[in-house]
Amino acid sequence: MNNKVIISFPLVEDPETKFVAWTTTPWTLPSNLALCVNPEFDYILIEDLELNQKLILAECRLEELYPSEKKPEEGEKKQTTNKKKNNNRRKKRQQQQKKKQQPKKQQQQQNKQQQQQQPKKQQQQPKKKQEQKKEKEEEEKKPKFKILKRFKGKELEGKEYVPLFDYFYEEYKPEGAFRVICGDFVTKDAGTGIVHCAPGFGEDDYQICLDNDIIKRNGKILCPVDESGRIIKKLIILPIDMSKNVMKKLLKCKGKRLLSRSKISHSYPFCWRSDTPLIYRAIPSWFIQIGPIKNNFWSTIKIQMGTKNIQEKRFHNWLQDARDWAVSRSRFWGTPLPIWASEDFSEYIVIGSIEQLKELSGTKEEITDLHRHNIDHITIQSKKGNGVLRRVEEVFDCWFESGSMPYAQIHYPFENKELFEKTFPGDFVAEGLDQTRGWFYTMLVLSTALFNKPPYKNLIVNGLVLAEDGSKMSKRKNYPDPMLVVNKYGADALRMYLINSPVVHAGPLQFTEKGVHNVNRAVFLPWYNAYRFFVQSSNMLFLDYNVKFVFDPKLNNNSKNEMDKWILSLANNLLKFVKVEMSEYRLYTVIPELINFIDELTNWYLRCNRDRLKVSKGVEDCLDALHTMYEVLIIMTKIMAPFAPFITEMMYQNLRKCIPESFEYENGEINEKSIHFMMIPKSNESIINETIENSVNSFKSVINTGRKVREKNNLSLKVPLSEITIVHKNETYLKELQLMENYLKKELNVKKIVFDNVEENWVKFTAEPNGRKLGRRFGKRFREFNKLIRELDHNSISEFKTNGSIVINDEKITLDEVIINRGFVANKTKYAGMEEGPVTVVINIELTPELLEEYYTREITNRVMRLRKEAGLIPSDQIEIFYEITNDSDGTSLKKPCLEKTINNKKFTSYFDKNLKTKLIPLNLLPEYLLEYKIKDNYDDKKLHSIGSAKLKLLFVKKDLVVDFKKVGENEELNLKVAHKVRGMKPTNEKITVTIDETTVNLVLGLNVFENVSDMVFN
């Protein structure tokens, strides 16, 4: 709570007329030098009928003197009147309901009683109170003032007034003080619209008085408060807190000049150490004059600054309004100002180096530490007869030192001159949004003053990281602990989350832990899974075929596979994009493209080429796929290294094992020991193939459309179909798709693909006018166009769709003016189709027993793979699979083939061998002792899997040597011990000798001992 006083200032030309000004710091009134009004506000001259005074104030601030004149806020009157109306309505309703409930006689009696009681109550009230109320109401109705004149604030400019105190009248009146000036900082939200100005106690006051020549630049400023906060100079010496009471008495002595005094609650600065109120007070400082170099700032606006809002508004406006920079501070610690001056400051010298200081002072001591306590005793003899020059007491503003960073960091100009000239200005500077008025600005001021150019080529402006609710982060921990986030999700995830947020281009970020989690899920998990799949595939190639993968970049261009060419083209396009965006410092555009590429790699390339990487199409084809994957992963790690340094280093250290240590790339880059020693490579333009990219984009569109057709007709992707037809009138489009025919068959699980450019075989377009639009446009002619539009044939409508418009009777008609209907003309019991843009996808939905049996094989394989994953097995883990079927179909129904027959069908056994790397063995053929070796962890071997009408049970056992008891001997106990003993053995020849309790048993591989159960059962 502070004191608020309203003071009158009589006009010199008319003492009966007075300006009404206000202040919340009455102790500044003796320092008043001007009154400030807003030139655009409406001001009024009123006659106060109680005080018999003529007063001038802003019309919008009448409430400051006359609270009853306060206008209700918008909506306030409506709310109060509405409340009254609602209350009255409620009372009436309640009274009506009571009357309905009571008999008429009771109502009549109550009415009589009310009439009798009303005059009695009135008689009970004393007459005096009634009279007092009437008197108050009459007084409130009486006008307290009368408006004599209205005028704009601009008309008051230059009017002279009589100051409240005359302590400084003779000193400042000749300088133009004690007159009305105009300023935009005067607001309507408080006060009287007239502000008292004391330039020694406020920045706005100082600047407005400086602009109106009331005070002079580098001249004395009226500030009758010393460093201890005491009022001095022609006044009683008292501390500020004690002077408040004295000021009250002084104001009372002024009689009618004090119009009002009260308390006000408003924001006010307090010392963060002592929690006591502070005062604004002008002190002498050393300044850098901005005016002479201000016009040279504008070249900086052309610098890349992240966002146009910062570049063209925030920073631009700050430079436009730049004022002289106070570079001195009254402290002990800090870099001392290198200024030696005489006592009266008529002579001063700015020292440029230690050598110059030694030369001018004549000191012979070694100067290595430039802090105050080491140099303040050094003096310089005046050459103008002013005695001894001593260093001034002030030290540099720390922002001056920060602004000197480009030079101070390499000790320029005393050292490294060539290095500085090569590297200045710097490529970029990165800091927070608040530094547009701090570090960015101070560097610019010093660089412009010294070299007449900016110190940086680019500015990266970071926004502010806020708490999840949008509030500022505080020491009260309204945000998750950063180290807990790092330990839980990884530093890379946190980095990627921040880089892919608005904070990188000067926007605010409401930090959420869920956002970091989503980065792991959307970026790192799919990317790591792609990397892991590559490693597993290369290991499987070595284990199964004894072929070690060694990367050779020359082989990448040799691959004839369309998907290999596509993903390498995308990777090099990504490289090209990243190079351009990073050179322009647009980090926020890079991460979304990286995420899109990871999606293309994992959800399209890997899924479509999984079989190739599993060596299902031969070793050579697998090597082509591995070379492609390796090249893509290396490019990814190099691009992502600056963004995710830890995971990329981990991946690189494993990937580089595929390259000989003496290997050298075509660009001269060698196999470095760390990914962070390598530069981001240039894109290979020869690999970029737009035709392939368009072909794969068409392929993906057809795949997505085909899946929608399946979903609409309740046909799972696991169910194979006999035929799919792709319809498009453009033959070039169909030829590009034919390159992807094998992938189309696999992804849509169909046996045959037909490419048809005759749309009429499958689809027929009809058109009808949009009545609203064409009706308004053609009026009476609408019937004519209605008929012509409905008569359009399929080809005309198709061209209309492609071109976006059609001409009918010399009138151009657009797509939004016509409704186009698509009719499917094929046999709907056999075919189902869907249109996606210019392409139509039609599938044959008829299912045969052969197709269902194939579906069963895929479903069994899928269940096995899912259980392997649950059991924590990797592709190189070798197991045997045992099955048991219950509730199986007898095979008589075409829609429900027999599952047992499907498994044993020779047509599908090769499929199981190829995909499962083993045969399916009936559970009843499992030797009982092998149950001890079944895989037990993380999967349920008793779970029943529904396939068709049958229930399937699966059991996994580790693949190892197994003994045929029937061919060993009749001693079952001995046979069992032998069987357990051979588990884990790796025989070097066909004969195996086992000794059990001094009994020797001779076994022969392939006769009575086998490498696995399937060999024993099926061979």
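The values are calculated or read from the model by the stated rules, or taken from the named source; none is laboratory data. Keep in mind it's a predicted model, so treat the numbers as computed, not measured. All Cβ positions, even for glycine, are placed from backbone atoms using ideal geometry, and neighbour counts span all protein chains on display. Keep in mind that these areas ignore ligands, DNA and RNA; they rest on the heavy atoms of the full protein, side chains included. Shrake-Rupley method; radii C 1.70, N 1.55, O 1.52, S 1.80 Å.
Structure summary
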item	result
Meets criteria (in a helix (DSSP H, G or I), modelled with pLDDT of 85 or more and touching a Lys or Arg at 6+ places or on another chain (Cβ under 8 Å)) for S569	no
Criterion violated by A177 - all others in (1) crowded, with 21+ Cβ neighbours inside 10 Å; (2) over 16 Å from N38 (Cβ atoms); (3) within 49 Å of the chain's Cα centre (by Cα) satisfied	(3)
Test: D941 is open to solvent by 20 Å² or more (accessible area, probe 1.4 Å), touching a strand residue (DSSP E or B) at 6+ places or on another chain (Cβ under 9 Å), at negative phi and modelled with pLDDT under 80	yes
Restricting the range 191-215 to residues that are free of Cβ contacts under 8 Å to residues at least 40 places away in the same chain and either over 18 Å from I279 (Cα atoms) or of a type in the set (F, W, Y) (or both), the residue that is surrounded by the most Cβ atoms within 10 Å (Cβ to Cβ)	L210
Helices (runs of 4 or more DSSP H) lying entirely in the range 116-222 (those with 1 or more residues that are modelled with pLDDT of 85 or more)	203-211
Output for the range 315-363, where each listed residue is within 27 Å of K216 (Cβ to Cβ), without any contact (Cβ under 8 Å) to a residue 24 or more places away in the chain, outside any loop (DSSP other than H, G, I, E, B) and not hydrophobic (A, V, I, L, M, F, W, C)	Q320
Segments classed as strands (runs of 3 or more DSSP E), wholly inside the range 369-476, with at least 1 members that are closer than 23 Å to L587 by Cα and modelled with pLDDT under 90	429-432, 459-462
Residue match in the range 17-33 (condition: at pLDDT 85 or above, open to solvent by 60 Å² or more (accessible area, probe 1.4 Å) and either under 23 Å from D205 (Cα atoms) or not in a strand (DSSP E or B) (or both))	no
Subset of the range 880-909 (residues that are over 27 Å from K746 (Cα atoms) and either free of Cβ contacts under 8 Å to residues at least 40 places away in the same chain or open to solvent by less than 50 Å² (accessible area, probe 1.4 Å) (or both))	E880, F882, Y883, I885, S889, D890, G891, T892, S893
First in the range 275-286 and closer than 11 Å to G202 by Cα, second anywhere and part of a loop (DSSP other than H, G, I, E, B) and open to solvent by less than 80 Å² (accessible area, probe 1.4 Å), Cβ under 7 Å, 6 or more apart	I279/G229; Y280/G202; R281/C223; A282/I221; A282/C223
Residue under evaluation K234, criteria (1) more than 30 Å from W399 (Cα to Cα); (2) at pLDDT 85 or above; (3) not β-branched (V, I, T), criterion not met	(2)
Those residues of the range 728-757 which are surrounded by 14 or more Cβ atoms within 10 Å (Cβ to Cβ), in contact (Cβ under 8 Å) with a residue 24 or more places away in the chain and among the hydrophobic types (A, V, I, L, M, F, W, C), in sequence order	L737, L739, M740, L744, L748, V750, I753, F755
Some residue of the range 266-287 being assigned to a helix (DSSP H, G or I), at pLDDT 75 or above and open to solvent by 60 Å² or more (accessible area, probe 1.4 Å)	no
Qualifying positions in the range 375-427 - aromatic (F, W, Y), open to solvent by 70 Å² or more (accessible area, probe 1.4 Å) and either touching a Leu at 6+ places or on another chain (Cβ under 7 Å) or over 16 Å from F440 (Cα atoms) (or both)	F414
The range 500-517, residues that are assigned to a helix (DSSP H, G or I) and open to solvent by 50 Å² or more (accessible area, probe 1.4 Å)	P502, H505, E513, K514, H517
Criterion (within 30 Å of K752 (Cβ to Cβ) and either of a type outside the set (A, V, I, L, M, F, W, C) or surrounded by fewer than 15 Cβ atoms within 10 Å (Cβ to Cβ) (or both)) met by exactly one of G775, G833, G779	G833
Among residues of the range 971-1002, those that are open to solvent by 60 Å² or more (accessible area, probe 1.4 Å), within 17 Å of Y929 (Cα to Cα) and of a type in the set (S, T, N, Q), counted	1
